[in-house]
Amino acid sequence: MNSSKAGVLPMQELIALMEAEYITGVPYEDEETSCVNSASIDLPLSSEAYRLEGSFLPGQGEHVRTWIKRVGGTVHNLASPLERGIAYLIRVQGSWSLPSTVYGYANPKSSTGRLNVLSRLLADNVDKFDALTEGWDNGELWVLVRADSFPIIVHEGLALSQLRLFTGKAFLSPYDMEVASKKHGLLFKPDKKKIPFRDIDLWGDAAVVTIAVGKNFGWHCPGTGKPLDLRAKGLWKDYFEPIDVEGDKFLLRKGGFYIASTLERVMVAPHLSAELRAIDYRFGEVQVHRAGYIDSGWGFGENGSVRGRPITLEVTPHEEIFVRNGQAIARLRYEHMVSAPIIPYDKAKSHYTEQDVGAMLSKYLI
């Protein structure tokens with residue numbers, strides 16, 4: 001590893017950690033079964049699962065396992081659905097540890113967030129969700145899972161979350177962003193024309209992106225009690241309905257769940273990665289992206305030829321709110337990679353490389 005450079009660890013460095021047995025019991029050698037992505041590791045579920053009375057966080061010096069009885073945990077068989085609105089604790093396969101200078105953050109995978117499923121990492125001695133401290137070496141990882149729109153059936157080996165590993169902090173400054181925009185581009189218009197850096201709205205060290213409202217606006221999930229088996233395919237009509245908007249505004253209903261899209265096409269060059277975050281409550285009480293992470297090489301193709309792709313938004317409004325075409329909806333924060341991954345996102349097998357226009361449903365529904 002290039003120990004002198006801060007940033008996100010690419011797939012070759014993640015594989016090196018597995019070869020050095022910091023991480024064991026997780027497949028990485030076979031391309032078809034590997035849990036390693038361009039800049040993240042999938043967290044495959046084990047068969048050990050518990051139904052809880054509510055979510056929780058362990059304190060520093062506490063083990064997740066000791067909390068199971070304290071929160072009313074009962075053994076759950078994965079052959080049975082995870083009930084809507086109920087928290088479940090599922091152990092992640094393998095044994096996990098980190099070098100002393102490496103820390104991690106987790107987030108739901110895109111396919112998970114687009115089902116309105118919340119999946120959060122829990123780790124011993126870590127008093128926050130989705131985080132591993134530098135040098136973490138306690139072995140067991142867990143995910144806290146809650147399906148909010150309909151029950152789901154998960155299976156051993158399936159990954160609902162992914163883990164990114166870092167050495168130091170390496171967010172792009174506005175200067176870095178301007179250089180990256182000049183070289184390859186950061187944001188593009190729907191017609192694939194590059195948006196000049198001077199026309200990108202900045203929120204601190206992040207680029208503001210907007211929501212696309214109009215024909216083929218996206219999808220609405222009305223909610224149902226019918227379980228979705230995540231091994232099934234093609235059942236989207238049972239769970240989502242398409243939305244077409246006449247005009248340039250649309251009313252989001254409080255507590256609803258919508259799949260929408262950014263107006264801008266987003267490019268993440270292979271030497272970068274990015275994360276989509278909420279802007280500020282003053283822009284509206286709306287959650288816009290459960291997954292959040294955007295892989296290195298997204299929308300890049302060969303030497304930038306793809307000219308970005310829209311980002312799918314997982315939208316849950318906490319108030320009745322109209323959104324208009326081009327309204328600010330989220331901020332995009334870029335980070336340096338320690339080095340470019342040997343297989344950037346656009347060269348890997350992915351359901352979402354086909355996402356060229358508009359909002360796209362989870363791969364579990366197509």
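The values are calculated or read from the model by the stated rules, or taken from the named source; none is laboratory data. Since we're looking at a predicted model, the values are computed, not measured. Note that we place each Cβ from the backbone using ideal geometry, even for glycine, and neighbour counts take in every protein chain shown.
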Using the structure shown, decide if L276 is modelled with pLDDT under 95 and assigned to a strand (DSSP E or B).
yes
How many of the residues in segment 119-157 are within 17 Å of the chain's Cα centre (by Cα), small (G, A, S) and within 20 Å of P99 (Cα to Cα)?
1
Of all residues in segment 7-39, which are in contact with an Asp or Glu (Cβ under 7 Å, 6 or more places away or on another chain) and either among the small types (G, A, S) or surrounded by fewer than 16 Cβ atoms within 10 Å (Cβ to Cβ) (or both)?
G7, S38, A39
Top-ranked residue of segment 289-331 - restricted to ones that are more than 18 Å from the chain's Cα centre (by Cα) and among the aliphatic types (A, V, I, L, M), ranked as nearest to A278 (Cα to Cα):
A328
Applying the selection to segment 223-254, what residues are over 24 Å from the mean Cα position of the chain (by Cα), in a loop (DSSP other than H, G, I, E, B) and closer than 27 Å to R324 by Cβ?
D244, V245, E246, G247, D248
Answer residue from segment 113-147, given it is closer than 30 Å to L365 by Cα and among the polar types (S, T, N, Q) and is surrounded by the most Cβ atoms within 10 Å (Cβ to Cβ) among those
S119
Which of the residues spanning segment 304-328 are more than 20 Å from G218 (Cα to Cα) and touching a residue at least 60 places away in the same chain (Cβ under 8 Å)?
G304, R307
Just one of the numbered conditions (1) touching a Phe, Trp or Tyr at 6+ places or on another chain (Cβ under 9 Å); (2) closer than 25 Å to I294 by Cβ is not true of A87; which one?
(2)
Exactly one of (1) assigned to a loop (DSSP other than H, G, I, E, B); (2) under 20 Å from the mean Cα position of the chain (by Cα); (3) farther than 28 Å from L9 by Cα is unmet by H220. Its number?
(1)
Output yes when any residue across segment 304-322 is in contact with an Asp or Glu (Cβ under 9 Å, 6 or more places away or on another chain), part of a loop (DSSP other than H, G, I, E, B) and surrounded by 21 or more Cβ atoms within 10 Å (Cβ to Cβ), and no when none is.
yes
Residues located in segment 162-185, provided they are touching a strand residue (DSSP E or B) at 6+ places or on another chain (Cβ under 6 Å) and under 29 Å from L118 (Cα atoms):
Q162, L163, R164, L165, F166, A170, F171, L172
Would you be able to say whether some residue in segment 329-345 is without any contact (Cβ under 8 Å) to a residue 60 or more places away in the chain and surrounded by 21 or more Cβ atoms within 10 Å (Cβ to Cβ)?
no
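Could you identify the single residue in A291, A206, A278 that is of a type in the set (A, V, I, L, M, F, W, C), crowded, with 17+ Cβ neighbours inside 10 Å and closer than 21 Å to V117 by Cα?
Of the residues listed, the single one that is of a type in the set (A, V, I, L, M, F, W, C), crowded, with 17+ Cβ neighbours inside 10 Å and closer than 21 Å to V117 by Cα is A291.
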Pick from segment 172-190, criterion among the charged types (D, E, K, R) and under 13 Å from H271 (Cβ atoms), ranking: surrounded by the fewest Cβ atoms within 10 Å (Cβ to Cβ)
K183
Within segment 68-102, track down each residue that is free of Cβ contacts under 8 Å to residues at least 40 places away in the same chain and surrounded by fewer than 19 Cβ atoms within 10 Å (Cβ to Cβ).
I68, K69, R70, V71, G72, T74, V75, N77, S100
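For D30, indicate whether it is of a type in the set (D, E) and within 23 Å of P108 (Cβ to Cβ). Before the answer, list the steps.
Working: of a type in the set (D, E): yes; within 23 Å of P108 (Cβ to Cβ): no.
Judged against the criteria, D30 is not a match.
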